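In what follows, a single structure is set out as structure tokens and then discussed.
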Amino acid sequence: MSERWYDEAVIYCVEVESYADSDGDGVGDFRGLIGRLDYLYRLGVTCLWLNPIHPSPHRDGGYDVTDFYTVDPRLGTLGDFAELLHQANNRGIKVIIDLVVNHTSDQHPWFESACSSPDSPYRDWYVWSQTEPPDRYQGMVFPGEQKETWTYNRRAKAWFYHRFYDFQPDLNTANPAVRAELKRIMGFWVQLGVAGFRMDAAPFVIEQVRPGVEDRPLDFEFLTELRTHLSWRRGDALLLAEANVAPDELVRYVADRGGSANRIHMLFDFLLSDRVVLALARGQSEPVIEALRNTPKLPAGAQWATFLRNHDEIDLSRLTADQRAEVFAAFGPEEIMQLYGRGIRRRLAPMLGGDRRRLELAYSLQFTLRGTPVLRYGEEIGMGDDLSLPGRDAIRTPMQWSSNKNGGFTDADTPIRPVVSGGDFGYQKVSVTAQRHDSSSLLAWFERMIHTLRESPEVGAGACAPVDQEMPGTVLAHRADGPSGRMVFLHNLGTEPVRVNLGKLAGEANNPNQVFGNQEYREVGDLRELDLDPYGYRWIRLCRNAAG
């Protein structure tokens, strides 16, 4: 792959502890994941993104880290992890890991030392106040579960800052020693063989916090430092960031004021994700068209990452209150389905009522929009959720491999989380094995779709834009143009069949043909009579250049 391999990647997000258990202790592990690499290779995955793998008390899903330089012993040894990297590389699959450096666990030795004495060498590695800060109750990330952002520590005899839970004290990234340590952490894992990092909570990593000071500058230069350090260690390494911020702030995460893309390589496209979900709820294309037109353009060398479901809730905070209410009514009408008043804690299959047509439409739309697609484990077989589990754990249930005990995830009597059982989404009905033997299954569809995508480099590396002509309100027509050629994509979000006229594009076409769709429609001809079923979709190649 090229230095910008991520432009045309397919990223698969894995919770190692919930994926495959090799030793029967009820917890997924690296060896179990190694045993499933051939499955991922066949699916078409080119990059694995592993959710937190470090030692942790697991009070927040592993995002409360106690040691950044090794792996959680439940998952295996550092040697097992190195073997995972080796075996993945043999199959052309790169591995990136979560970089959770906004905070540590309160059980991390750094914080324990910091609390022990004002003279501790780690005291200034955290953010402190000697008096109760006036902004103690402001800036909470988890409303309803979090009471404050400053907590008094009796040992330290001071207040410490925590943007997240009170057991996750924030690191002081204004301290040069902390900055140097974070670079060492990145260097360690890159040296071991990881291909990059998904930076958790990037805006908070660079936020310069002082007690009672409302104006908290963001140190974007620190992102430049991290990028430079990473590039020197591994030229093709990736920084993928979570930055759910206002549109006018996004470009600063990837480029300096001069427009040079020297910070984060890739950003999750939260704005587009919200609008896709809104469009699905309404059955209208306008929200997606609006997002494609209004989201800031990233400079050359930067990239978007698209997603419908990830490891957290579907965060609808960038929608208006009325828009959010529409989505809740369509996909999360019950309070148990919602989280923090802003999100939905469900997987996509139950959100769409298990309707195979709508599932295909949604993922066809995601995978053809600008950027690199990110797929959450289990979505490729239409897994469900378990709303009896707390918070985000509802979508972190074990992978369903077969109809065997615990869905083939583990032989243990008690898995780390209950496997979804019974009903339309239980492992008795939904599993890899069952779908492997069905050529018309959702899994088989995903394989065909991803393989077609990998033959269509225009999608990841080219320019994406709506087709500028009058369309039925339910239809999204967009195109992708790149050095390898041109493609156009049609998606009908409505419940009625439609016919679309794209004859104006005929002059750009050379033997246009459908390369993927919900069915084998009649030949595209001169593009004037393109039929679409309810929830139908078509990928049409207009032309392929000789270089492609």
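Structure summary
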{"item": "Nearest 10 degrees, 0 to 90: helix 442-454 Cα axis against the chain principal axis", "result": "90"}
{"item": "Debye, to nearest 20: dipole size of the chain, +1 on Lys, Arg Cβ, -1 on Asp, Glu Cβ", "result": "840"}
{"item": "Residue order, fewest to most surrounding Cβ atoms within 10 angstrom, among L267, L230", "result": "L230, L267"}
{"item": "Sequence ranges 520-533, 378-391, ranked by mean other-Cβ count within 10 angstrom, highest first", "result": "378-391, 520-533"}
{"item": "Ascending count of other beta-carbon atoms within 10 Å, so fewest first, for H451, H229, H491", "result": "H451, H229, H491"}
{"item": "Neighbourhood charge, 12 Å Cβ-Cβ cut-off, centred on F81 and excluding it, Lys, Arg +1 and Asp, Glu -1", "result": "-3"}
{"item": "Loop GluC sites (Glu not before Pro), the stretch 169-262, which have at most 16 other Cβ atoms in a 10 Å radius of their Cβ (DSSP)", "result": "E214"}
{"item": "The chain, helix-only ellipticity at 222 nm - DSSP H runs n ≥ 4, -39,500 (n - 2.57), divided by all residues, nearest 500", "result": "-7500 deg cm²/dmol"}
{"item": "Lys/Arg +1, Asp/Glu -1 at C-beta; the stretch 27-74 dipole; positive extreme among L33, P52, T66", "result": "L33"}
{"item": "Label selected from (i) 39, 27, 23; (ii) 39, 31, 21; (iii) 50, 33, 21, the criterion being semi-axes √(5λ) of the Cα gyration tensor in Å as computed here", "result": "(i)"}
{"item": "For Y340, net neighbour charge (Lys/Arg +1, Asp/Glu -1) across residues whose Cβ lies under 11 Å away", "result": "-1"}
{"item": "Charged-residue dipole, Cβ positions (Lys, Arg, Asp, Glu), the stretch 158-302 about Cα centre, Debye nearest 20", "result": "460"}
{"item": "Formal net charge of residues neighbouring K183 (Cβ-Cβ distance under 15 Å; K, R +1; D, E -1)", "result": "+2"}
{"item": "Degrees between helix 270-282 axis and first principal axis of the chain (Cα, 0 to 90, nearest 10)", "result": "50"}
{"item": "Sequence of D219, D135 once ranked by neighbouring C-beta atoms within 10 Å, starting from the fewest", "result": "D219, D135"}
{"item": "Helix 220-233 axis, angle to the chain major axis (alpha carbon atoms, nearest 10°)", "result": "80"}
{"item": "Relative contact order %, the chain, counting alpha carbon pairs below 8 Å whose residues are six or more apart", "result": "12"}
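The numbers here are math on the coordinates, done by the rules we state, and not lab data. This structure is a prediction, so every number in the text was calculated from the model and none was measured. Backbone-built Cβ (ideal geometry, glycine too); neighbour counts: all protein chains shown.
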